[in-house]
């Protein structure tokens, strides 16, 4: 039996992991390879899963805990993909607030399933909007030092750090991000890329094809600080049915929801790590998102579709009380729908703070080949 190439791409909330995963999947499919994807979240109703499935990919979801704390479910999901599409490549996207993935995912896979998985170098996507402030130790970074600790630890365990969104950034900022990572982690490869446009993407695929002494950067990690940093985030997944007597612009509605949340959450003192909303109607889909409180709502995947009925899914990761976050989301979705003469029926909403990470396995030393 040939090995499955297992490629995990990490990075902070809003870094661009899903866009990167989708582009990688298309790249491998164009080479004639079969691809399976595993998404991961603290709760069900994940926008990323809907988005990737809507693009035609075969996706398994590990919900309820991060990969490290639900390692057995990650393996079971990989088994189901193997039974279904017989993938040559599995692409895995961990929760954006997670770190310590080399010790709790990469090394266990290598130790427990050496014949089944050929584990690729571990890449981490660097989110510029919060990254530059955090790496500068800017007190106005928007997150506490404990949340910033997670961001920095993610970079520390990477085999390659990818500065994303270079199509949106001044060249001087791209240079500064690259040099700061090089100073903090000498010897770690730093690439520059736009997952959206594909600029610089070939360098990432070439790096991930390498084999050898990768996935060995095991962290010294304070799990108390890690847990407290994660717990500062309000986490919300909500599914909504939108109905209207006349056709509504799906894209306009999604952008309006995210923009209303941008304004209301900032007024409430919450720092947005990531907001995503997807609309699904009659085979069409659109996605709007926001990656920081001082950013802007973007239509990342347009549907160019109008509908009387649609399924909406909203994911919000914001440094704010989860109950306040729930109220803000319900008010924003309801008001945006009312403005276009539509009705919003909330079917399920989960809003909470992530619990303390308790890994299934944790290797203190790299596995020897």
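None of the figures in this text is laboratory data; all of them are computed from the coordinates on show. Since this is a predicted model, take the numbers as computed values, not measurements. Neighbour counts are summed over all protein chains in view; Cβ atoms, including those assigned to glycine, are modelled from backbone coordinates with ideal geometry.
Helix 322-339 axis versus longest C-alpha principal axis of the chain: approximately 50°, rounded to the nearest ten.
Starting from the Cα of residue 345, step 7 Å toward the Cβ, then list every residue of region 242-256 with an amide N under 16 Å from that point. So the set is 242-246.
P(r) for the chain, from all Cα pairs and a bin width of 20 Å, is 31, 60, 10, 0 %, short bins first. Once a ≥ b ≥ c are taken as the square roots of the eigenvalues of the Cα gyration tensor of region 95-223, is the result rounded (a/c under 1.5), prolate (a/b larger than b/c) or oblate (a/b not larger than b/c)? Oblate shape, in that a/c is at least 1.5 and b/c is the bigger or equal ratio. Tilt of helix 17-30 relative to the longest C-alpha principal axis of the chain, in degrees (0 to 90, nearest 10)? For helix 17-30, the angle is close to 70 degrees.
Ranking request for peptides 312-322, 281-291: highest mean number of other beta-carbon atoms within 10 Å first, then the rest in descending order.
Result, highest mean Cβ count within 10 Å first: 312-322, 281-291.
Label separation (residue 2 vs residue 144): 4.9 nm, computed from points 7 Å beyond Cα along the C-beta direction.
What relative contact order, as a whole-number percentage, does the chain give when Cα pairs under 8 Å and 6 or more residues apart are counted? Relative contact order comes out at 21 percent.
The length gained by stretching the chain between residue 368 and residue 225 to full extension, at 0.36 nm per residue less their Cα-Cα distance, is 48.5 nm. Compared with the dominant principal axis of the Cα atoms in the chain, helix 171-184 is inclined by about 40°. Extension gain for residue 182 to residue 83 (0.36 nm times residue separation, less C-alpha to C-alpha distance): 31.5 nm. By the helix-only formula, in which each DSSP H run with n ≥ 4 contributes -39500 (n - 2.57) and the sum is divided by residues, the chain has a 222 nm mean residue ellipticity of -11000 deg cm²/dmol. Available extension along the chain between residue 353 and residue 296 is 18.0 nm, counting 0.36 nm per residue and deducting the alpha carbon span.
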